[in-house]
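Q: After the structure tokens below, expect a handful of questions from me.
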């Protein structure tokens, strides 16, 4: 039952991701948590998973920042939005 609740929680957290940054950070955190839990001793799996999640989330954020150019969000008068590269100096 615990595994099922954990999987449902993870599925909902992934479904809540809206941007590529959210997905990259979430994927990094989940991967880090899994690796941390596997690499830890039997009594320290929760701590290993927590540390792995933090490290994986930070790594995911760094990878996303390095792979995506800085974009600005522009809005048309009718409310539609689009993303494009920011002008120099932003």
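The values are calculated or read from the model by the stated rules, or taken from the named source; none is laboratory data. All figures in this text were calculated on a predicted structure; none of them were measured in a lab. Neighbour counts are summed over all protein chains in view; Cβ atoms, including those assigned to glycine, are modelled from backbone coordinates with ideal geometry.
Q: Would you mind stating whether residue 66 is under 22 Å from the mean Cα position of the chain (by Cα), surrounded by 14 or more Cβ atoms within 10 Å (Cβ to Cβ) and part of a helix (DSSP H, G or I)?
A: no
Q: Something else now. Would you call residue 39 surrounded by 11 or more Cβ atoms within 10 Å (Cβ to Cβ), farther than 18 Å from residue 61 by Cα, at pLDDT 85 or above and in contact with a helix residue (DSSP H, G or I) (Cβ under 8 Å, 6 or more places away or on another chain)?
A: Numbers: surrounded by 11 or more Cβ atoms within 10 Å (Cβ to Cβ): yes; farther than 18 Å from residue 61 by Cα: yes; at pLDDT 85 or above: yes; in contact with a helix residue (DSSP H, G or I) (Cβ under 8 Å, 6 or more places away or on another chain): yes.
Judged against the criteria, residue 39 is a match.
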